Structure formats: C-alpha cells, structure tokens
Amino acid sequence: MVMEQDVLNSDKSVEKNSDTSIPEILHPELLSILNSFTHHLAVNKRVSSHTVKAYSADIEQFLLNVSKHPDISPDKFAQITRIHVRGFLSGLQVKEYRRTSLARKLASLRSFFKWALKNGHINSNPTLGVNPIKQEKRLPKFMRMKELEALLDAPDVSTPDGQRDLALIELLYASGLRAGEAHNLNVKDIDLDELEVHVKNGKGSKDRVALIGQAAAEALSNYMESGRKILLSNGNVSGEQALFLNKFGTRLSDRGIRRTFDKYTDIAPNRIKVTPHTLRHTFATHLLNNGADLRSVQELLGHANIVTTQIYTHVTTEHMRKVYDQSHPRSDEELVQDGTN
C-alpha cells in the first residue's frame, strides 16, 4: 500500500510559493467526507497520526482548490473528474512544488478516492489514468565513519540531556529506527541483556524486533540509570514509561527528537544535513558495505517490500576503491607507475 512507503516522509520542507489565499473552511459536505476518510485511516487502517495529518492536509488542499472551479459547486463531490486532479497537480507544478511533494499528494488522492468509490461517494475514481509523478533518482545520503564518530563525541555526557542525546544517536545508528519509532519507545521495550529493541506499531502498524550492539546498550544503560532519572524528577507525571524524556520529564516528541540534531549542527558534515533519517540511511549503507545481505537489511529496517531496500545497494567511491585495490590483480601501484596497461 502506498502509505507504507517512505514517500510520505520524503519531503518535510515547506514549499515555496504556497497558496495562502485559499479559503480555510471546506463546504460542510466535503468536510464530512474528509473526516470520514481520516477516521477510516486512524481506526480501520491504524496508520500513525503523522500519516493521517499528511493525508488530510493534501486532500483538503485539493478539495479547497477544486471547490473554486467554475464548473463545480462546492457540494458536488461526485462531479470531480480526472481533469480536475490533473489541473490541481499542474497548478502545483507551476508553483515549483517538488516532485516528491507532488507524488505524495497524488498518493493521498489515490487512497482517498479509492475509499470514496468503495463507500458510494463517487461513481468513478478520478485518479485513474493520472500518470505517476516521475521522480528524480536521488541516492540516500549517509555519514562516513569519521563524521559519525564526530557526532557521537559531541553530546556532553556529564549532563542528563547529553546522556539522552548520546543514547538516542547510538540507538538510531545501531538499529536503523525511524524518529517516530524512537519516540514511541517505552523503557520496557529495551532488552539490554538480549541487545534487542521491541518496536510496537511501527510503520504500517507492524511490530518488529530491532537489534543493537554493545556501544548502544552501554549508552542506553548509562542514560536510564542516571540522566533519565534526573529528567523524570523534573516532571509531575507519575509512572512515565517513555524511554526518551524532555526537560519536563515527559515523552520527548517526534519533533523534539528531530530538533535534537540541531544542537550538533556545527560538528556535522557540511555536505549533508544530519537528521534521524540520515542515521537510518547510514545504518543500512554501512551494513551492506560490510557484507550484510539485502534481505536481512530489509528485515532490520522494517521495509514491507525489498524494492524499497534496494536503493541502499549503492556503495561509496572509497569502498569501491578499497575492494578494487584488494581484489584486482592489476591494481598494484607499481604496475600503474610503470605504465603497464
């Protein structure tokens, strides 16, 4: 299913030239249909609140746009056709929306109208026949070991915040977890004896077991024994179970986890923006570069389809050069200097 893919997480940036002149209130009939769909997503499909918000925003933008169309009255939902969908996407393209955003919006509309057709709100699906948005082929950006080591050295582990940040960074690199999955973790989900993390309701509402190493286990143990207890004492919440806490002693938000990395911008490599997802990319790339098989990496990442994992099969130029120099019988430096072809 489209919503299980990373397309919804691929573009968090605010689009330039966004249309702020669109009315903020939908016609009651359209609003009722949209609310029914989002309820379906949350209750029947059990998708994350982040996904529900993303779909809702995309569909609302479309409905607000199409309700201004001269040949459609706001309450005539069934009059929407493929022409209106194409016109909406073309208009966003003129405003220089990114292809990733256009693809996300089309995915939202496809899911919405498929549901609307099944539930009798329309007689035909207006997204059928709308061509997929061609994506630019961009490889995931990952950190080199020296860059990663600099990031791991950055948190001040003499402070509760620093212990938490180091534990978070070590965990994300060791396990490949998404920021949202780390946000949902409770203390009981961490098994330091077995070096396992039990991920509940991950992407696609799936549970899985992620693995960690000794370095991550040590950082987590130090944080739970010291820094977390101090942070917990700052709050008035009795029995808080969240693993990662903020300064108020409550669960560190998804956004808070992402903002954690902003503290260390100065030591991060200038060539890439380091985010929780950068560590996920780094986790997968380093595993494959060091001999892990693709199927195992797929399971560790929690990908439903191995096609999603295949993007990580790229390797760095340095790694290719190392393999080449070690493996090719004619790669010897002296032969090159001698001019041997």
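Readers should treat all values here as calculations from the given coordinates under stated rules, not as data from a laboratory. Note that the coordinates shown come from a computational prediction; the quantities given were computed from them, not determined experimentally. Glycine also receives a Cβ, built like all others from the backbone with ideal geometry; neighbour counts cover every protein chain displayed.
Can you pick out the pairs among 105/134; 247/273; 53/76; 188/229 whose Cα atoms lie more than 18 Å from each other?
247/273; 53/76
Which residues in the stretch 175-198 place their backbone N less than 20 Å from a point set 7 Å from the Cα of residue 229 along the Cα-to-Cβ direction?
What the label zone holds, given the 20 Å backbone N cut-off, is 186-193.
How large is log10 I(q)/I(0) at q = 0.09 Å⁻¹ when the Debye formula is applied to the Cα atoms of the stretch 145-316, each weighted equally and without solvent?
Log-scaled intensity ratios, in q order: -0.29.
With labels modelled as points extended 7 Å from the Cα through the Cβ direction, what inter-label distance (nm, one decimal) is found for residue 238 paired with residue 215?
Each label point is offset 7 Å from its Cα along the Cβ direction, giving 4.2 nm.
Can you sort 83, 311 from fewest to most other Cβ atoms within 10 Å of each residue's own Cβ?
Listing 83, 311 from fewest to most nearby Cβ atoms yields 83, 311.
At a 10 Å Cβ-Cβ cut-off, how would you order 230, 257, fewest neighbours first?
Least crowded to most crowded, the residues run 230, 257.
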